[in-house]
Amino acid sequence: MLLEVSNVSVWYDKAMLINNVSMGVDQGELVSLVGPNGAGKSTLLRTITGLVAWEKELKKRSTHGEIKLEGQITFDGERIDKVPAHEIVRRGLILAPERRRPFKEMTVIDNLMVGAYLIRDKANIEENLEKVYQLFPVLKERSHQVSGTLSGGEQQMLAVGRALMSRPTVLLLDEPSLGLAPRVIAAIFGVLDELRHEGLSILLVEQDAAVALRHADRGYVMRTGRVVRAGTAGELLADDGVREIYLGPRHGSEG
Amino acid sequence: MKLILFYLRKLLAVVRNEVLVLPSRVAVIIFFLFILLLPSFTDDVYILRVFTLTCIFAIFAASWDLLCGFTGQLNFGHALFFGVGAYSAALMNIHWQLAPWFSIPLGALVAVAAGLTVGIPALRLKGTYLALTTMAFPIIVIGLIFTFPGFTGGELGISGIQKLAPTRIEEYYVISILMLVLCTIMWKITDSNTGIIFHAIREDEIAVRASGVNTTRYKLLAFCLSGFFAGLAGGLYAHFMRIVGPSTLDVSLSFQVVIWSIFGGAATIYGPVAAVFFLYPTLELFHLIQDYRTIVFAIVVLLVLIFMPDGLFRWLREKVEEECPRCKVRNVAWRKTCRVCTASLE
């Protein structure tokens, strides 16, 4: 596997947020990680990208409790669980964070330039920018607009575009559909399909299991910190148990 | 001769096409000319002295803006860098007989070290906590100064520091030209890629991290750069005043710089510089109404903050210039069509 997470556990103080999770993403795959609120999906992404370890470093001497990390993450055959967050990005594992987090007072183009931080070659940046503009033409139109004035969907496109600016090997997306209209979600997933056909590996975290699995090769279902189901997207879509995981077991004569 | 004429014509063309089209650029040119020509209007020692100090504080205010306006690392103890720069320059000059050309930059490097000392603990703190912590540092240094009066001069400070230049006019030119150069450099820094990252850190540090930037390094860089420029200002102050006392580390100086920057418009560099040039001489002018000086000053500042919360000079700029809705190029507000893409501005 290109990206492999094995037996990872994360504690925030005494709460175990991730409980012995193993999963992976192969070259050119789109893998969806679905599950209800509080399942630990976002935490897992943040663990993979080193942001949890960074937070742990920051909190070391504070009184707000401790973060504990266990397990092993490998990317491209090398262990990355001890590598600092900015270094992980350099290796090609790039996250488009939850709630998009654009730099609201900065223009769209400046936002994208922060994404291109790792690239020194001007022509290369130009080329990636062209590519992002081609995927999301609306960003080109709005390139000099302050990003705080964009709509939610456009901000999500900006977040994905910013992540694409340094040419990731694996793109990690945290809830790209959050708070968006179905039509906009469809547009964003259309782009993800396109990227996947070009051979980009994508790890997608979503609450909306149906949409996420329809576009994926494989999927994992998480609940309260564990992976409770894994399989191809088709299998999971057909699995009634997945619905149960979201809604809880049926009672009495309902449904 | 022909070549000179050619370049002159080229220069004129640049001035006409690039400078005269925007009021803000005209203002910058007028400001530069004013600074450089001031001694030819007056050789009054008092006025030159006021403007020399204004220049020193302009560097100081711009350095605060670089750290706090752009990177968002709220520093309420900025006088630390100023005082450390001033004291280091003074001590090196007195004890090692270093000429100002060496003592000032070396003093600034000591201020960089001070920047690191504040910067490293600051990495763990945010917002109010950071602001309160930074406030403590200059007070600690004042404590140190009082503990070793033999070396630091204690409450009386260090006097008898070498003059920067023989005459007031020369001193004025050294400091004012340095001010123009240093502020231009700071503005260039904020305009560069580094500046974009500073700005992005203020907006959302996690997202910057997620883009592969070592934000720790950039935050420390901001502290160091800011410390360096503030230290230079402090060193210039030491050699200009020829006496350095604990007042260079005073809490009031730390807050003065915050007031200047917010008044002029934080995160612009030009805002704080213009604000110092507006407020510092104005405060001197208020000597005429000695008794009410501070209260009138406070009222002026409060009115500006209430009605122009983004800063006086940014507000002014928004009044006379507007962005073309199509190509985002700035235009004079009274133009009907954009000067580049000819889109209608109405």
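Points to keep in mind about this one:
- Global form of segment B:44-309, assessed from the alpha-carbon gyration tensor, a/c cut-off 1.5: oblate
- Estimated vicinal HN-Hα couplings, Hz - segment A:80-88 in sequence order (Karplus 6.51, -1.76, 1.60; Gly, Pro = x): 10, 6, 9, 8, x, 3, 5, 6, 4
- Bridge type composition, the protein assembly as shown - antiparallel percent by DSSP, nearest 5: 60
- Of all DSSP-defined beta bridges confined to chain A, some 55% are antiparallel rather than parallel.
- Applied to segment B:284-300, the Karplus parametrisation 6.51 cos²θ - 1.76 cosθ + 1.60 on θ = phi - 60° returns per-residue 3J(HN,Hα) values of 5, 4, 5, 3, 4, 10, 2, 5, 9, 3, 5, 6, 4, 4, 4, 5, 4 Hz, with x for Gly and Pro.
- Helix B:168-191 vs. chain B, principal-axis angle (Cα, 0 to 90°, nearest 10): 60
- Built amide H within the under 5 Å cut-off of A:Val227, gap 5+: A:Ser22
- Other-chain or far-sequence residues with amide H under 5 Å of B:Ala343's (modelled H): B:Cys338
- Taken over chain B, lysine pairs spaced eight or more positions apart, or on distinct chains, with alpha carbons under 19 Å apart number 6.
- Averaged over B:242-255, number of beta-carbon atoms from partner chains that fall within 10 Å: 0
- The aspartates and glutamates within cross-link reach of A:Lys56, meaning a Cα-to-Cα straight distance under 15 Å and a gap of 8 or more places when in the same chain, are A:Asp13, A:Glu66, A:Glu70, A:Asp81.
- Residue ranges A:97-108, A:133-144, A:212-223, B:8-19 sort as A:212-223, A:97-108, A:133-144, B:8-19 when ordered by packing (mean number of other C-beta atoms within 10 Å per residue, highest first).
- Length-normalised contact order for chain B - Cα pairs under 8 Å, 6+ apart - percent: 28
- Overall Cα dimensions of segment B:130-206, principal axis frame, Å, largest first: 48, 38, 14
- For the protein assembly as shown: rounded, prolate or oblate by the Cα gyration tensor [a/c cutoff 1.5]: prolate
- Disulfide-incompatible cysteines by the Cβ rule (no partner under 4.7 Å) in the protein assembly as shown: B:Cys55, B:Cys68, B:Cys183, B:Cys224
- A cut-off under 15 angstrom between Cβ atoms defines the neighbours of A:Ser201, and their net charge, with Lys, Arg +1 and Asp, Glu -1, is -4.
- Shape of segment B:39-121, Cα gyration tensor, a/c cut at 1.5: oblate
- Contact order normalised by residue count of chain A, Cα under 8 Å, 6+ apart, percent: 28
- With K and R counted +1 and D and E -1, the other residues having a Cβ less than 14 Å from that of B:Phe229 yield a net charge of 0.
- Around B:Glu171: net Lys/Arg minus Asp/Glu count, Cβ-Cβ under 12 Å: +3
- Reported value for chain A: 143 Å³ per residue, from the convex hull of its C-alpha atoms.
- Label-to-label distance, B:Leu305 versus A:Asn7, with points set 7 angstrom from Cα along the beta-carbon direction: 5.8 nm.
The numbers here are math on the coordinates, done by the rules we state, and not lab data. This structure is a prediction, so every number in the text was calculated from the model and none was measured. Cβ: placed from backbone, ideal geometry, glycine included. Neighbour counts: every protein chain shown.
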